[in-house]
Amino acid sequence: MAKLALDGGKPVRARKDFLVFGAPQIGAEEIAGVTDSLRRRWIGTGPKVGEFERAFAAYKGIPASRAVAVNSCTAALHLSILSLGIGRGDEVITTPLTFCATANAILHAGATPVIADVDPFTLNIDPERVARKITKKTKAILPVHFAGRSCDMDALSRLAKAHRLKVVEDCAHAIETEWRGKKAGTFGDAGCFSFYATKNLTTSEGGMILASGEAIADRVKRLALHGMTKDAWKRYSDSGYVHYDVVELGYKYNMTDLQAAIGIPQLARLEKNWKRRRAIWNRYQEAFEDLPVDLPMDAGRDERHGYHLYTPLVRAGAPRNRDVVLAALTAENVGAGVHYRALCDHPYYRKSLGWKRKDCPLASDIGDRTVSLPLSAALTNRDVDDVIEAFRKVLGK
Ligand SMILES: *Cc1c(COP(=O)(O)O)cnc(C)c1O
């Protein structure tokens, strides 16, 4: 077995070729789109944001009037919760195996996040555990389609219906995801997407809300721009000055044309990139079969996986623990990530909400063992070979 770079051996890749985790695929079309906006000097919210909203809505098969572009998924989640009338004194049940933004958005709306632990195989929120967390104060369920694998939307929708709860889907990993032929983000009252740099589709920073009806879409749109009436958006058009009214206290969450200019060509390549990531995901599954790791599970029947993350779990009996694996991969000049350390293991939530490890033992265990390997459509075949070589080397006995 080759000597690890961590122990002074030769790294799999040269230092100058460090493989950055989550590097986006940026093509000539994105560069041309941004340049075009700059040349026209239309750099704020304008026609390209509208075009991007229409294209995204068309991809999802919903009316364009129900898609609202914002500047992040965090903003999308925050506005979705607010627009559903959820706030102080209300509880929202979510997963502990997610990015902090999911819980933070609930807190920013003034409500209290309640965690229901995950199914250790799908890594998604477990509907049976959700049922046990429902109280008189529960107003909504906020599932996250982890890594791009859909949550059990039948079970969650049934629970929501029985208890009159709202559903807000965190689709940050799940643009291409489907559950029984229905697209992620179209199940509940609102679906929230992220176009952060590492996501399946990027606008550098950005987000989108798919609302279940016009009323929610209108409210979200108003809240995204200072609480100004809908016509305020026309200030950004060439039809001349339009008066607006401020009718409630809103935020500054609008997307810009520079961001949309990146997103439009990204959306056109979405399916091609999805196929590429699926191929890489499958190569990893075969290449790591004999390693001391628990491989991620593919989607079930009638489901479509978004293949956003590839997250093997390092077994307790492996020659190196997760943190050493991360350091060893870095030394081989292969970047890796962690998605995620469980929310109940972060000091802020422990202090302010009293969460403990025993509140989400399954997510905590996953958080201790998980490694995310590069899975961007920008990876070359050689990059994929290097990831495989490095991960096998690091986990070899
Ligand atoms: C990335 C991410 C977010 C936040 O997205 P931003 O666009 O960066 O605000 C929220 N939830 C999950 C699960 C994410 O992965």
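The range 1-63 and the range 325-363 have Cα centres spaced 26 Å apart. For a straight C-alpha distance cut-off of 21 angstrom, the lysines reachable from Lys133 (same-chain residues fewer than eight places away being disregarded) are Lys161, Lys166, Lys351, Lys356, Lys358.
On full extension, the segment bounded by Arg382 and Asp245 gains 43.7 nm, given 0.36 nm per residue less the C-alpha separation.
Expressed to the nearest 5 percent, the antiparallel share of DSSP beta bridges inside the chain is 60 percent. How far is it, in nm, from the label point at Lys3 to the one at His163 when both lie 7 Å from their Cα along the line to the Cβ? With each label placed 7 Å out from Cα toward Cβ, I get 5.8 nm. Take the chain, connect every pair of alpha-carbon atoms lying under 10 Å apart with a spring to form a Gaussian network, then pick out the residue of Val49, Val324, Val34 with the largest mean-square fluctuation. Top of the fluctuation ranking is Val324. Distance between the C-alpha centres of the range 295-318 and the range 95-143: 21 Å, rounded to the whole angstrom. Between the Cα long axis of helix 257-268 and the first principal axis of the chain there is an angle of about 60°, rounded to the nearest 10. Along the charge dipole of the chain, pointing to its positive end and built from +1/-1 on Cβ of Lys, Arg, Asp and Glu, which listed residue (Gly148, Ala64, Val220) has its Cα farthest out? Comparing the listed Cα positions along the dipole, Val220 ranks first.
For the chain, the longest principal axis of the Cα atoms and the long axis of helix 322-331 meet at an angle of about 80 degrees. Suppose R0 equals 22 Å. What FRET efficiency, 1/(1 + (r/R0)^6) with r the Cβ-Cβ distance, do Arg54 and Lys182 give to the nearest 0.05? Efficiency, rounded to the nearest 0.05: 0.60. For Ser212, the shell of other residues with beta-carbons less than 11 Å away shows a net charge of -1, using +1 for Lys and Arg and -1 for Asp and Glu. Over the range 28-268, accessible surface divided per residue gives 41 Å², non-protein components excluded, 1.4 Å probe.
Computed extension gain for Asp323 through Ser352, at 0.36 nm per residue and net of the alpha carbon distance, reaches 7.7 nm.
Note on the chain: with a GNM built from Cα contacts shorter than 10 Å, the maximum mean-square fluctuation among Leu295, Leu375, Leu79 falls on Leu295.
When the Gaussian network model of the chain links Cα atoms closer than 10 Å, the mean-square fluctuations of His78, His339, His305 top out at His339. Helix content alone sets the calculated 222 nm mean residue ellipticity of the chain: runs of n ≥ 4 DSSP H residues at -39500 (n - 2.57) each, divided across all residues, give -11000 deg cm²/dmol. Remark on the range 28-268: hydrodynamic radius 18.0 angstrom, per the Kirkwood mean of 1/r across alpha carbon pairs. Between the helical axis of 270-287 and the longest alpha-carbon principal axis of the chain there is an angle of about 20 degrees. Surface composition of the range 28-268: carbon and sulfur make up 53 percent of the accessible area, probe 1.4 Å.
The values are calculated or read from the model by the stated rules, or taken from the named source; none is laboratory data. None of these values were measured; they are calculated from a predicted model. Cβ coordinates were reconstructed from backbone atoms using ideal geometry, including for glycine residues, and neighbour counts include every protein chain displayed. Surface areas here come from the heavy atoms of the whole protein model, side chains and all, with no ligands, DNA or RNA. Shrake-Rupley method; radii C 1.70, N 1.55, O 1.52, S 1.80 Å.
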